[in-house]
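A quick write-up on the structure given underneath.
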There are 2 protein chains.
Amino acid sequence: MAETKVRFGILGCANIARKVSRAMKLAPNCAITAIGSRSIEKASQFAAENEFPASAKVYGSYDAVLDDPDVEAVYIPLPTSLHLRWAVLAAEKKKHVLLEKPVALNVKELDTILEACESNGVQYMDATMWMHHPRTAKMREFLSDPQRFGQLKSVHSIFSYVGGPEFLKDDIRIKPDLDALGALGDTGWYCTRAILWANEYELPKTVTALPEPEYNEAGVILSCGALLRWTDGKTATFYCSFLTNLTMDITALGTNGYLCVHDFVIPFQENGAPFYEASNSRFANLAIGIEPVPSEHAIDTDLPQEALMVQVFANLVAGINEKGASPEKKWPTISRKTQLVIDAVMASIEKDFEPVEVVP
Amino acid sequence: MAETKVRFGILGCANIARKVSRAMKLAPNCAITAIGSRSIEKASQFAAENEFPASAKVYGSYDAVLDDPDVEAVYIPLPTSLHLRWAVLAAEKKKHVLLEKPVALNVKELDTILEACESNGVQYMDATMWMHHPRTAKMREFLSDPQRFGQLKSVHSIFSYVGGPEFLKDDIRIKPDLDALGALGDTGWYCTRAILWANEYELPKTVTALPEPEYNEAGVILSCGALLRWTDGKTATFYCSFLTNLTMDITALGTNGYLCVHDFVIPFQENGAPFYEASNSRFANLAIGIEPVPSEHAIDTDLPQEALMVQVFANLVAGINEKGASPEKKWPTISRKTQLVIDAVMASIEKDFEPVEVVP
């Protein structure tokens, strides 16, 4: 018997929705049921260009998607400043919410969204794709191994790409009224999540922004960094930017091990992705080499990580809608922690790079 | 005609002298002429174990090496607290000085050493081996390429290794009276040099130590980190430790390029070493990959980097002694800059992690 497919509506025709709608077609338990844009022509064109099924409905408003009783879940790739309104409205209409990142302008907004999801019994998940790659679970296994990795001491993460002149002029990610968090919300989101992930989602005690962020003329961050510190002495640093070459690194150091990945956000290859690990490395005799050298582990996947993401989300939705399960708390919890750290970086920047306490 | 060999004396039987004396045997222009230790037995045993030439003289004191008229240059791998005394004395006896790192306890001491070398017309060089690997020049070429790398924006460096229980109990590198700079002087030296190297030796404006360093019972640093910041907004971070798995990374981000190396201090292989670079990387269509992916460049070398180091040093010595050349200023200059940054990290730690200005 064919698996029941969760029926998705998509709000808006963002570029990233091309990738995620493809993922919905790849995932065995997802169906694209509707797309809405402020312009019905744009929505039709998007549906055609992305080869939506003939059955997919095309609407000239976001409201129409939310009012469609066939739609069970919505994917919201709108500019961040619109998330509060549309995610809350979606939840109130009992639509499960897959929310593009950055999920909100601050944790106050996010809390309103999460409360709406909780009180309406719908699943919330942010669209952080790499969480769902099987490599991520394999790397987590390594980090959790007391023999191979030991106690985590330090993490460094980078996500940057060169926006280019057109991006820096027109992209929503650099507009103060659309994505006021700029590079911090876009690329910094991934670094923050990576650091929290490596720390098993233990929140840092303090966050200190690194001087000096770069801004565009409108005051939106184009590059910045931060130092995170835990009470037990663990530290982490990250650097995120729209101004340096595409880089997607995590480096984690433990008392016994080392983990490194160079494409954590988007694997260089769709069907498999490597990470590098070393355990108990020692200098060779005369210190003319080391033993063992880091080894590469390639993790295959049949489905790309974004298809796995919508599949996981759809499974949770199906569990709630068909089996009366409760929404999975993990996803709102880690989303909120990520936002708390992002907020603390912003607060530290505003406080002239003073350390800011992270208050759960 | 055979190349003239520069005649080296070695002060002390440190473990690292095993590697460097092997290098002197590998380099075509070096000869091991003498070794001195406080114990003549220890010196004899060291000479035998490391297969010194029969002609090499063995002394029961450091003074005897400095007084030997056959010795043109000395390699000083003594504990850091002894560098001031023996490096100055060597210079006064007109011996050229190859000084193990950390070169001094602070820049005041180093300045005394450098002044002694300058006023006595002898060459000074610190024994930072990786500076001499041909890979380093190749990486520098990449970083200096405006098309391939562009403007440097951010550097991160890590050097750590697990000292282990015996090391943490007895090694000179954790004794306050011998190597008071601990992990900062030992592994942090390399990170600092790497960051300065990537920045073409432009000193940072400020240095801020990262909270919280780890210390042993005697108050010697076992792990720490720092943030360096330049006036044009460039930043760098490093992490150095005796408590996490052997890691030797540099990651540099430019407006057009990315450079990464995982074994910058000691190449995993003696006869060749890779680095990784990417230029003008873009997301592929649908952002399901990137183009181009970072590529590996392996740089072969006939001689290991430490042999190239003593060869370069011996060339400078021969130029001075035989051709009346002046000592090369580059090496004392970059050694002093490295020490200035190390001092600033220490000062920032003492000032409760406040930013400290680096004053040339």
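The figures follow:
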| item | result |
| --- | --- |
| Charge context of B:S348, other residues only, Cβ under 11 angstrom, K/R +1, D/E -1 | -4 |
| Other-copy label distances relative to B:T333, 7 angstrom Cα-Cβ extension, nm | 5.7 |
| Quotient of C-alpha Rg and 2.2 N^0.38 Å, computed over segment A:285-360 | 1.89 |
| Value at 222 nm in deg cm²/dmol, rounded to 500, when DSSP H runs of n ≥ 4 in chain B each add -39,500 (n - 2.57) | -11000 deg cm²/dmol |
| Shape call, segment B:18-85: gyration tensor on alpha carbons, a/c limit 1.5 | rounded |
| For a label point 7 Å along the Cα-to-beta-carbon line of B:E357, residues of segment B:179-222 with backbone N under 16 Å | B:203-208 |
| Distance between segment B:100-122 and segment A:279-305 - C-alpha centres, whole angstrom | 39 Å |
| At least 40 Å² of accessible area lost relative to the chain alone, listed for segment A:289-308 with a 1.4 Å probe | A:I290 |
| For segment A:190-318, alpha-carbon Rg and Dmax in angstrom | 18.2, 60 |
| For B:G319, inter-copy label distances in nm, listed shortest first [label point 7 Å out on the Cα-Cβ vector] | 7.0 |
| Carbon plus sulfur fraction of accessible area for the protein assembly as shown, probe 1.4 Å, in percent | 51 percent |
| Antiparallel bridge percentage (DSSP; both residues within the protein assembly as shown; nearest 5) | 60 percent |
| Shielded residues, segment B:139-157 - accessible-area loss of 20 Å² or more between chain alone and all protein chains, probe 1.4 Å | B:K153, B:S154, B:H156 |
| Linear extension gain, B:R85 paired with B:E296, 0.36 nm per residue minus alpha-carbon span | 71.5 nm |
| Computed label-point distance, nm, for sites B:A325 and A:Y215 using a 7 Å Cα→Cβ extension | 5.1 nm |
| Lysine-lysine proximity count for segment A:44-194, Cα under 29 Å, sequence distance 8 or more or distinct chains | 15 |
| Span from the segment A:70-98 Cα centroid across to the segment B:18-78 one, whole angstrom | 75 Å |
| DSSP bridge pairs, chain B: antiparallel proportion in percent, nearest 5 | 60 percent |
| Length-normalised contact order of chain B in % [C-alpha pairs under 8 Å, at least 6 apart] | 19 percent |
| Separation in nanometres of the label points that stand 7 Å from Cα toward Cβ, at A:S144 and B:D170 | 4.0 nm |
| Three-way shape label, segment A:6-129, alpha-carbon gyration tensor, a/c 1.5 | prolate |
| Chain B: C-alpha gyration tensor shape, a/c 1.5 cut-off, then a/b vs b/c | prolate |
| List A:C13, A:C240, ordered by accessible area with a 1.4 Å probe, largest first | A:C13, A:C240 |
| Share, in percent, of DSSP beta bridges within segment A:28-180 that are antiparallel, nearest 5 | 0 percent |
| P(r) of segment B:161-200 over all Cα-Cα pairs, binned every 10 Å from zero, in whole percent | 30, 42, 21, 7 |
| Förster radius 45 Å - calculated FRET efficiency between B:E115 and A:T333 (Cβ-Cβ, nearest 0.05) | 0.15 |
| Largest-first principal axis extents, alpha carbons of segment A:174-240, Å | 40, 20, 14 |
| Fraction in percent of alpha-carbon pairs per bin - 10 Å, segment A:81-173 | 14, 28, 27, 26, 6 |
| Solvent-accessible area per residue, Å², over chain B with all protein chains present [probe radius 1.4 Å] | 37 Å² |
| For the protein assembly as shown, convex hull of alpha carbons as volume per residue, Å³ | 159 Å³ |
| Label spacing, shortest first and in nm, from A:G60 to its equivalents in the remaining copies (7 angstrom along Cα→Cβ) | 10.4 |
| Chains A and B together, accessible area buried on both sides, 1.4 angstrom probe, square angstrom | 4900 Å² |
| Those residues of segment A:260-277 for which accessible area with every protein chain present is at least 30 Å² below the isolated value (1.4 Å probe) | A:H262, A:I266, A:F268, A:E270 |
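The values are calculated or read from the model by the stated rules, or taken from the named source; none is laboratory data. Please read these numbers as outputs of a predicted model, since none were measured by experiment. Backbone-built Cβ (ideal geometry, glycine too); neighbour counts: all protein chains shown. The area values use the complete protein model at the heavy-atom level, side chains included, leaving out ligands, DNA and RNA. Shrake-Rupley method; radii C 1.70, N 1.55, O 1.52, S 1.80 Å.
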